[in-house]
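What follows is a set of notes on a single structure, which appears directly below.
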Amino acid sequence: MKIRAAVASSIESGFEFEELELAAPAADEILVKVEACGVCHTDVSARAHMQMPAVLGHEGTGKVVARGSAVTDVNVGDTVIMSYGWCGQCGNCASGHAYTCERGVEGSIGGRRFDGSSTIMRGGEPVSGAFFQQSSFASHALCPARDAVVVPADLPPELRAALPCGVMTGAGAVLNVFALAAGETLAVFGTGAVGLSAVMAAQLAGARIIVAVDVHAGRLELAQRLGATHVLDARDTDVAAQLRAICPVGFDYSLETSSNEDAFRAATGCLAMRGTCGLVTIPHGGQPFPFSPFELMVKGARLQGIMLGAATPRSFLPQLIGYYQQGKFPLDALITTYPFPEINTAFGDAKRGSALKPVLLMGD
Ligand SMILES: [Zn+2]
Ligand SMILES: [Zn+2]
């Protein structure tokens, strides 16, 4: 079928709209009419590792309009959120840890289905598609049914699209990986969508102290509204000393979301005995972070890499939606919507930091 898609033709380029051809659903796939898709830094950073041109977009949501012959658990007419791709066959997928699928990177940025076939063509030639097994910057997307989460149709599309990547990562770090308990303490470095989701999750879990550290005054103010008990401007304070003053025994958990070397140092340095520092980003330019093994060792502390919030979307996304509906997870505070044709403005605003979680609305 013909689709209208936003195409990235090089690592640096903006998006241009084109009419392309989308394959028919494979036996295990659904065809989704995309209603909204979140905008994420990964749509920019992944390009360096992909063949161009590409149809990106990996936080899509919409209505199922067709399904392959083997699909039984998702129906035509269902409203779904498309989450990350997983092969369904490796040991980690089989044991319920699909967020660490052995073929996860290939399935996300390989530009093809897991069986090597292409989903999107331009004049008969394949372009990189199947981005996170969806490529949702388009009017329609194909996605393996196992990646789709059926959700209530009355939940606004921008809320659905905000969930499956950064928000799931930040909230999942706190609820799934740290399993933060009431009365425990957390320091969050960076207050983008991931960091603020961690703040909201820590508040709903009953954290006693939640410190947010950033350089954007507006975001720190928002962090406070979303549950941070303390905020620190990293530019005009000795962050390590302030953290010691706030929590002299150290923090049970810290979360580094900012890709900043000083933040990494503070995040590992502020831990309590047996504390855990979670990492959800890599440093700018891929440089190694400085790291003091001694400090971690004497504390019996832990550095923990976190992929996709260690979340199983079919259980975790409905859980987050429930919290939102109960008023405990006010995710709408992070969202700015843009009509699909304004995709380049949305990426510009995300880069400048004037939009925390841009979401594109595809319209009709
Ligand atoms: Zn993302
Ligand atoms: Zn797998």
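A short reminder: the numbers here are calculations on the coordinates, not readings from a lab. Note that the coordinates shown come from a computational prediction; the quantities given were computed from them, not determined experimentally. When we count neighbours, we look across all protein chains shown, and the Cβ atoms used for this are built from the backbone with ideal geometry, even at glycine.
Distance between the modelled labels on ILE11 and THR345, one decimal in nanometres: 3.0 nm (7 Å Cα→Cβ projection).
Using the Cβ-Cβ distance between VAL105 and ASP233 with R0 set to 35 Å, the FRET efficiency works out to roughly 0.45. Taking a ≥ b ≥ c as the square roots of the eigenvalues of the alpha carbon gyration tensor, segment 98-252 is prolate, as a/c is not under 1.5 and a/b beats b/c.
For PHE251, the residues whose modelled amide H falls within less than 5 Å of its own, excluding neighbours fewer than 5 places apart on the same chain, are LEU271, ALA272. With a simple spin-label model that places each label point 7 Å from the Cα along the Cα-to-Cβ direction, the separation between ALA70 and GLN326 comes to 3.8 nm. For segment 26-114, the calculated P(r), taken from all Cα-Cα distances in 10 Å bins from zero up to the bin holding the longest distance, is 16, 40, 39, 5 percent. Residue separation of ALA240 and VAL44 scaled by 0.36 nm, minus their Cα-Cα distance, works out to 67.3 nm of gained length.
Counting other Cβ atoms within 10 Å as a rough exposure proxy, the listed residues VAL55, VAL213, VAL177 run VAL177, VAL55, VAL213 from fewest neighbours to most. D by Stokes-Einstein for segment 166-309, Kirkwood Rh over Cα pairs, 25 °C, 0.890 mPa s: 169 µm²/s. Between the amide H of ALA66 and those of LEU31, distances stay under 5 Å, these residues lying 5 or more places away or on another chain, with hydrogens modeled in the peptide plane. Each of VAL7, GLY129, SER108 was scored by the projection of its Cα onto the charge dipole of the chain, and the greatest displacement toward the positive side belongs to SER108; charges sit on the C-beta of Lys, Arg, Asp and Glu.
Using 0.36 nm times the number of residues separating GLN304 and LYS63, minus their current alpha carbon distance, what extension gain do you get? Can you show the working numbers first?
Numbers: separation 241, 0.36 × 241 = 86.76 nm, distance 3.63 nm.
Result: 83.1 nm gained on full extension.
Using only alpha carbon positions, build the gyration tensor of the chain, then give the equivalent ellipsoid semi-axes as the square roots of 5 times its eigenvalues, largest first, whole angstrom. Mind showing how you got there, number by number?
Numbers: eigenvalues 253, 81, 77 Å².
For the chain, the semi-axes come out at 36, 20, 20 Å.
Fewest neighbouring Cβ atoms within 10 Å first, the residues HIS140, HIS284 line up as HIS284, HIS140. In this structure the amide hydrogen of LYS357, modeled in the peptide plane, comes within under 5 Å of the amide hydrogens of THR336, none closer than 5 places in sequence on its chain.
The phi-based Karplus calculation (6.51 cos²θ - 1.76 cosθ + 1.60; θ = phi - 60°) puts the 3J(HN,Hα) values of segment 349-359 at 5, 5, 5, 5, x, 7, 10, 7, 9, x, 10 Hz, whole numbers, x for Gly and Pro. Over the residues of the chain, the helix contribution to mean residue ellipticity at 222 nm works out to -6500 deg cm²/dmol, using -39500 (n - 2.57) for each DSSP H run of at least 4.
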